[in-house]
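Encoded as structure tokens, the structure appears first; notes follow it.
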Amino acid sequence: MYELLESINSPADVRKLDIGQLEQLCSELRAYLIECCAVNPGHLASSLGAVELIVGFHYVFSSPEDKIVFDVGHQAYAHKVLTGRREAFRRNRTRDGLSGFPSRSESEYDCFGAGHSSTSVSAALGLAEAAKLQGLHNKVVALIGDGALTGGLAFEGLNNAGTGQSDLLVLLNDNNQSIDGNTGALHNYLLKVSTSVRYNRIKDKVWRRLGDSRLRSMIQHWLRSFKSWLVGKSGGSLFEAMGFRYFGPVDGNDIKAVVSNLRRLRDMSGPRVLHCCTVKGNGYAPAEADPVTWHAPGKFDPQTGERKTGKRNVARYQDVFGQVLCELAAADPRVVGVTPAMASGCGMTAFAGKYPERFYDVGIEEEHAVTFSAGLAAGGMRPFCNIYSSFSQRAYDQIIHDVALQRLPVVLCFDRAGLVGEDGATHQGAFDLAAYRSIPDTVVCAPKDELQLRQLMYTGLQQETGPFIIRYPRGAGEGVAWEDAAFESLPVGKAEMLAEGSEIAIVAAGPVVNRALEVAAHFGGRVGVYDFRFVKPLDTEMLDAIAGKYRRIITIEDGTVLGGLYGAVSEHLAGSGFRVPVEPIGIGDRFVAQASQAEQRAEYNMDAAGIEKILQKFLEN
């Protein structure tokens with residue numbers, strides 16, 4: 001079935017193939033990716049669309065000396081398979097298996113790690129400059145999608161690269177636009193001529209002769225205007241205005257066209273862009289028809305395309321968020337929803353359908369999403385800005401300067417907080433509690449279940465000043481009834497005693513509170529459980545009472561213990577003169593590798609078994 005693919009153990013084997021064999025290789029690669037992802041879920045549609053670009057790179061360039069930098073990394077699966085990880089790919093995104101994203105520690109062919117968007121141009125520029133400073137002649141290619149190109153960091157990299165003569169090639173993987181208006185004999189002829197080695201040698205000689213003369217400037221201006229008119233809507237004028245030489249667009253799913261253009265561009269110097277139009281999910285009909293769903297489809301039948309979703313009896317937190325947002329918007333015309341390209345993932349699709357005039361998907365622009373929300377709040381609206389926890393780190397400056405410093409009422413909802421599972425170190429929402437707890441005039445809270453999320457969203461809407469941060473985990477809730485509950489504003493900064501004990505107090509935040517409550521029941525009233533749903537402001541009155549009663553405190557949080565709830569509790573008790581020992585349960589001083597959420601919780605003692613084991617140890621002693 002995989003006649004060619006099974007002979008590929010490194011990119012050197014790809015370069016041994018006849019160009020006529022590359023189409024078969026691409027076909028086998030797609031079939032292999034589909035087979036593997038059907039039983040071991042991953043990011044499928046993006047990788048299917050980028051197969052020809054990756055095969056073309058490894059056929060034309062000499063990796064690992066020549067380097068390819070992936071943006072985000074969703075599209076890098078074919079790269080992993082071709083670089084000696086074919087069999088290992090069957091355990092992609094599993095515990096102790098391959099990372100779902102490029103990783104420097106995994107392979108010499110992964111020259112730069114990725115997971116968040118818009119980083120490729122800046123990283124590739126750094127690699128290109130490092131090579132130049134060391135007298136090396138290796139080539140550097142940045143592969144960036146049109147979605148990631150909207151991020152501000154991508155434009156910062158382009159702006160910097162265009163000011164010099166760095167040897168950098170940017171492959172723009174455009175899977176959102178057709179080639180309409182950019183085909184035909186004249187366009188193809190212009191593309192072929194403008195990328196030819198002979199043409200560029202002559203052009204470079206002419207430019208050197210003309211120097212920085214006015215005539216050269218006039219000719220360059222005329223050529224850019226003429227080329228922009230011919231290329232039309234491709235965006236070439238934008239790149240050329242930033243100092244890049246623009247080529248394309250080309251059919252990025254035509255392997256011969258990709259190889260032909262990469263060969264012509266490989267030996268050019270200076271910053272240049274090859275615009276490649278691809279189809280997300282290319283080669284697999286279900287993914288082509290619905291690329292949003294098939295971005296990460298879960299398990300499926302590779303023959304029929306039927307997804308094995310199973311029945312969901314408990315609402316997911318993102319579904320609760322979406323429905324509650326609709327209810328709040330129905331009652332308050334000031335409510336608006338803002339998301340940086342995560343409408344379906346965060347549960348805002350229903351809101352977008354019901355209130356399109358109050359819904360804003362700003363693209364992959366977390367920093368802009370927060371400052372835009374601050375502007376909305378300054379103008380009298382009440383924005384709910386939903387960002388995945390790990391992505392919110394990119395907007396830290398904006399949360400401080402544009403929201404908190406101006407005391408603007410923005411509700412920031414951080415989905416995928418805590419341990420997120422198979423996406424690995426780049427996506428774990430481990431740092432939000434510690435990061436945002438340090439910001440003045442900020443509320444940071446973590447609901448223990450669906451009902452509490454509902455009430456905290458309502459509470460956030462009632463706040464008149466400052467950011468109100470709600471963080472909640474990925475996946476299903478606790479099964480608590482919430483849909484018909486009346487809205488209730490919770491007292492900000494107040495904890496709740498769920499169970500009274502006599503020896504050890506558990507101080508917890510988030511859904512892990514429920515696991516603690518289950519385990520405490522096993523110890524006959526010796527363990528008390530307290531829901532510190534507000535990590536900031538901290539309920540110091542309740543904490544003082546706990547410290548005066550119990551002989552030990554255990555904090556539990558789905559995040560890093562350094563600076564998080566454990567940090568808040570320890571800081572207060574130390575400053576207040578209490579000597580009760582505090583033991584943390586949470587993520588230690590390390591990055592969390594991919595595994596299932598259940599495996600990760602077990603590793604960090606956040607599940608019932610782990611909590612019981614620790615309680616048993618202290619109670620026995």
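The values are calculated or read from the model by the stated rules, or taken from the named source; none is laboratory data. The structure presented is a predicted model; accordingly, all values stated were derived computationally and were not measured. Heads up, the Cβs are rebuilt from the backbone with ideal geometry, glycines too, and the neighbour counts pull from every protein chain shown.
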Single residue of Arg307, Arg316 found to be charged (D, E, K, R), within 14 Å of Arg454 (Cβ to Cβ) and in contact with a strand residue (DSSP E or B) (Cβ under 6 Å, 6 or more places away or on another chain): Arg316
message: Suppose the filter is at positive phi, buried (at least 20 other Cβ atoms within 10 Å of the Cβ) and touching a Ser or Thr at 6+ places or on another chain (Cβ under 8 Å); does Gly421 pass it?
response: yes
- prompt: Out of all the residues in the stretch 257-272, is one or more polar (S, T, N, Q), modelled with pLDDT of 90 or more, buried (at least 18 other Cβ atoms within 10 Å of the Cβ) and in a loop (DSSP other than H, G, I, E, B)?
  reply: no
- request: List the number of the failed condition for Gln600; all other conditions in (1) surrounded by 21 or more Cβ atoms within 10 Å (Cβ to Cβ); (2) more than 25 Å from the chain's Cα centre (by Cα) hold.
  value: (2)
query: Does Val69 satisfy the condition of being surrounded by 24 or more Cβ atoms within 10 Å (Cβ to Cβ), out of contact with any strand residue (DSSP E or B) (no Cβ under 6 Å at 6 or more places or on another chain), at pLDDT 95 or above and of a type outside the set (S, T, N, Q)?
result: no
Single unsatisfied condition, Thr278 versus (1) closer than 30 Å to Lys448 by Cβ; (2) of a type outside the set (A, V, I, L, M, F, W, C); (3) buried (at least 20 other Cβ atoms within 10 Å of the Cβ): (1)
- prompt: Within the stretch 31-53, is there a residue that is touching a residue at least 24 places away in the same chain (Cβ under 8 Å), touching a strand residue (DSSP E or B) at 6+ places or on another chain (Cβ under 8 Å) and farther than 15 Å from Ala287 by Cβ?
  reply: yes
- prompt: Identify, please: which residue in the stretch 441-486 is β-branched (Val, Ile, Thr) and in contact with a Leu (Cβ under 6 Å, 6 or more places away or on another chain) and is, among those, surrounded by the most Cβ atoms within 10 Å (Cβ to Cβ)?
  reply: Ile469
- line: How many residues of the stretch 108-151 are closer than 22 Å to Gly49 by Cβ, of a type in the set (A, V, I, L, M, F, W, C) and part of a strand (DSSP E or B)? The answer is 4
message: What's the number of the only condition in (1) farther than 25 Å from Leu22 by Cβ; (2) modelled with pLDDT under 90; (3) not in a loop (DSSP other than H, G, I, E, B) that Gly248 fails to meet?
response: (1)
message: Restricting to the stretch 439-452, give me the number of residues that are of a type in the set (Lys, Arg) and not in a loop (DSSP other than H, G, I, E, B).
response: 0
message: If Thr349 meets every condition in (1) surrounded by fewer than 19 Cβ atoms within 10 Å (Cβ to Cβ); (2) within 20 Å of Gly460 (Cα to Cα) apart from one, which number is that one?
response: (2)
- request: Would you mind finding the one in Ser46, Ser27 that is buried (at least 24 other Cβ atoms within 10 Å of the Cβ) and either under 20 Å from Ile144 (Cα atoms) or modelled with pLDDT of 95 or more (or both)?
  value: Ser46
- prompt: Based on what the data block shows, is Ala131 among the small types (Gly, Ala, Ser) and closer than 19 Å to His43 by Cα?
  reply: no
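So that you can scan it fast, the table gives a plain yes or no per residue for (1) touching a residue at least 40 places away in the same chain (Cβ under 8 Å); (2) within 29 Å of Leu48 (Cβ to Cβ):
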| residue | (1), (2) |
| --- | --- |
| Asn282 | yes, yes |
| Trp294 | yes, yes |
| Pro302 | yes, yes |
| Arg307 | no, yes |
| Val314 | yes, no |
task: Within the stretch 583-594, identify whether any single residue is assigned to a loop (DSSP other than H, G, I, E, B), touching a Gly at 6+ places or on another chain (Cβ under 9 Å) and closer than 28 Å to Leu456 by Cβ, and answer yes or no.
output: yes
- line: The lone condition Ser576 fails out of (1) modelled with pLDDT under 95; (2) out of contact with any helix residue (DSSP H, G or I) (no Cβ under 9 Å at 6 or more places or on another chain); (3) polar (S, T, N, Q) is (2)
statement: Here, strands (runs of 3 or more DSSP E) confined to the stretch 467-575 with at least 3 residues that are farther than 28 Å from Ala369 by Cβ are 496-499, 504-508, 527-531, 552-560
message: If Ser489 meets every condition in (1) surrounded by fewer than 21 Cβ atoms within 10 Å (Cβ to Cβ); (2) more than 30 Å from Gly379 (Cα to Cα); (3) of a type in the set (Ser, Thr, Tyr) apart from one, which number is that one?
response: (2)
- prompt: So is Gly162 surrounded by 16 or more Cβ atoms within 10 Å (Cβ to Cβ), more than 21 Å from the chain's Cα centre (by Cα), within 23 Å of Pro249 (Cβ to Cβ) and at pLDDT below 90 or not?
  reply: yes
